[in-house]
Amino acid sequence: MRGGTSRGPFFDTADLPDDIARRDRVLLAVMGSPDKRQIDGLGGAHPLTSKVGIVRRGSKPGVDLDFLFAQLQPDQDTVDTTPNCGNMLAAVVPFALETGMVTPQGDTSSFRVLTLNTGMQCDITVHTPAGHVEYDGDARIDGVPGTSAPITINFLDTAGSVCAGLLPTGHVRDVIDGIAVTCIDNGMPLVMFRATDVGRTGYESVAQMDADGELKTRIERLRIACGHAMGLGDVTSKNHPKMTLIAPPRHGGSLCTRSFIPHVCHDSIGVLAAVTVGTACVLDDSVCDGIAVMPKDRVKKISVEHPTGEFSVELEVDPANPQNVTRAALLRTARLLMRGEVMISASVWKGRKS
Ligand code: NQM
């Protein structure tokens, strides 16, 4: 499935080994990791195409579907199920409808999805005219060519997804390793800082960012220091926190971003990363102060500029406490790319539960 600006195979939980170590070996074999080109598997030689979705019927009252996201890397043998992925999340309901885990409700179908990675819940609505998932439509998201049917995601509770709370250091702004940062987690742990504070404009291309070894070394040092300050321990081999450079908007949006996820620059921005960036823009005295151009409305449409366009997030704030974001909604698209069996070496697993 393509989910938003990510891509990867989706599995019914029942089709994978129950034992986690064996499941992870299977997923590594499926994707062809570790290998920079993932030549012996389905991975697309980039973190955004080294993702796996695992779905089953909901196991808790009120929840329709359980989703476990797994982040693999092309050149590492890791299977990380700690963070969320709001892009792969967009493909969960289409996958569940395609495989008969849930049935269409009418012209549109809405289901409550629990992301097992962090316990986050959301309501996802997809178009299902004539009892089938509709993939064609006129919704456009930057980072994906063409248009598709819209998928709306309404997040119900995102604060402190991996960290202990929205502001895991206890402050909206810290100075860590000599740089002013906002460490924040409203769905994705992020360290945000001004691009000019690391001697860059924040408007560099993805290729320029990825080729900038000096910047990457500087950012990684900062990331490791921030990981400790955020209560995440030693994050050297973890995929979070992600590192977000910010700059004033250039195309009429709210602010401009470049995201390291965490070692390569994202072509656009992650879904929950965009929600988290938007949330930082709402907070007084975050590093976005004086940079972000913010709407005054209670329901704030925040346009996060990124290397291939922009990502709009709708945030609702508590009227009694405008620093408190109570709801986040956004638009994604997804598409079924193929269905079938993926072959792995029998020495890894023979494909049978018993
Ligand atoms: O932030 C990339 C992506 C993501 C994660 C990453 C994501 C999110 O664009 O919710 O979707 O940050 O590694 O798929």
Item to complete: Would you kindly calculate the translational diffusion coefficient of segment 1-107, applying Stokes-Einstein with the Kirkwood radius from alpha carbon pairs, for 20 °C and a viscosity of 1.002 mPa s, and quote it in µm² s⁻¹ without decimals?
Response: 152
Fill in: Nonlocal amide H pairs with PHE11, under 5 Å, H built at 1.01 Å
GLY53, ILE54, VAL55
Discussion item. Just to confirm my numbers, what's the Cα centroid distance between segment 89-153 and segment 331-354 in Å?
Written reply: 20
Worksheet entry | Accessible surface, per residue, of segment 174-326 when the full set of protein chains is kept, probe 1.4 Å, Å² | 36
Practice prompt. Quickly work out the THR196-to-ASP77 label distance, labels modelled 7 Å from Cα along the C-beta direction, and quote it in nm with one decimal.
Written response: 4.7
Item to complete: Please give the net charge around CYS122, taking every other residue with its beta carbon less than 15 angstrom from that of CYS122, where Lys and Arg add +1 and Asp and Glu add -1.
Response: -2
Practice prompt. Show the residues, 5+ positions off or on another chain, whose built amide H is closer than 5 Å to the amide H of GLU134.
Written response: HIS127, THR128
Fill in: Expected 222 nm ellipticity per residue - DSSP helices of 4 or more, -39500 (n - 2.57), all of the chain, to 500
-5000 deg cm²/dmol
Response to the item:
Other residues with Cβ under 12 Å from the Cβ of ARG140 give, with Lys and Arg +1 and Asp and Glu -1, a net charge of -2
Worksheet item: For a paramagnetic label modelled at 7 Å from the Cα of ALA45 toward its Cβ, which residues of segment 54-92 fall within the zone defined by backbone nitrogen distances under 17 Å?
Response: 73-76
Discussion item. Restricting to Cα pairs below 8 Å that are 6+ residues apart, what does the relative contact order work out to for segment 1-79? Please round to a whole percent.
Written reply: 32
Item to complete: Go through segment 340-350 residue by residue and turn each phi into a ³J(HN,Hα) via Karplus (6.51, -1.76, 1.60, θ = phi - 60°); whole Hz please, and just put x for glycine and proline.
Response: x, 10, 9, 9, 10, 5, 4, 6, 7, 6, 8
Discussion item. Expected output is a single nm value to one decimal: the length gained when fully extending between VAL348 and THR147, i.e. 0.36 nm times separation in residues minus the C-alpha distance. What is it?
Written reply: 68.5 nm
Discussion item. Explain nothing, just compute: Karplus ³J(HN,Hα) = 6.51 cos²θ - 1.76 cosθ + 1.60, θ = phi - 60°, for every residue of segment 294-310 in order, whole Hz, x for Gly and Pro.
Written reply: 10, x, 8, 4, 6, 8, 9, 8, 10, 9, 8, 6, 9, x, 10, x, 9
Worksheet item: Highest mean first, what order results for 245-257, 262-274 on Cβ atoms within 10 Å?
Response: 262-274, 245-257
Worksheet item: In segment 266-301, what trypsin sites (Lys or Arg not before Pro) fall in a loop by DSSP, with at most 14 other Cβ atoms inside 10 Å?
Response: LYS296, ARG298
Discussion item. Taking all protein chains in place and a 1.4 Å probe, what share, in percent, of the accessible surface of segment 174-326 do carbon and sulfur account for?
Written reply: 52
Discussion item. Between MET338 and SER237, how high is the FRET efficiency from 1/(1 + (r/R0)^6) when r is the Cβ-Cβ distance and R₀ = 35 Å? Nearest 0.05.
Written reply: 0.65
Worksheet item: At q = 0.13, 0.16, 0.21 Å⁻¹, what is the log10 ratio I(q)/I(0) for segment 174-326, with the Debye formula run over Cα points and no solvent?
Response: -0.52, -0.80, -1.39
Discussion item. So if each residue of separation counts as 0.36 nm, and I subtract the Cα-Cα distance between ALA139 and GLN105, what length gain in nm does that give?
Written reply: 10.1 nm
Item to complete: Compute the FRET efficiency between HIS228 and ASP297 as 1/(1 + (r/R0)^6), taking r as their Cβ-Cβ distance and R0 = 22 Å, and round to the nearest 0.05.
Response: 0.05
Discussion item. Report the Cα-based extents of the chain along its three principal axes, largest first, to the nearest Å.
Written reply: 56, 44, 37
Worksheet item: Over the chain, what is the mean sequence separation of C-alpha contacts under 8 Å (at least six apart), divided by residue count, expressed as relative contact order in percent?
Response: 17
Fill in: Cut-off 19 Å, label 7 Å out along Cα→Cβ of ASP177, residues of segment 233-272 by amide N
233-247, 258-266
Discussion item. I'd like the Karplus ³J(HN,Hα) series for segment 180-188: coefficients 6.51, -1.76, 1.60, θ = phi - 60°, whole numbers in Hz, and an x wherever there's a Gly or Pro.
Written reply: 6, 9, 10, 9, 8, 9, 10, x, 8
Fill in: Isotropic mean projected area of the C-alpha convex hull, segment 50-171 (nm²)
9.5
Practice prompt. Given a cut-off of 32 Å, name the pairs among LYS51/LYS353; LYS36/LYS353; LYS51/LYS216; LYS242/LYS350; LYS51/LYS296 whose C-alpha atoms lie farther apart than that in the structure shown.
Written response: LYS242/LYS350; LYS51/LYS296
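The values are calculated or read from the model by the stated rules, or taken from the named source; none is laboratory data. Just so it is clear, the structure is predicted and the values come from calculations on it, not from any experiment. We place every Cβ from the backbone using ideal geometry, glycine too, and count neighbours over all the protein chains shown. Quick note on the areas: whole protein, heavy atoms, side chains included, nothing else; ligands and nucleic acids left out. Shrake-Rupley method; radii C 1.70, N 1.55, O 1.52, S 1.80 Å.
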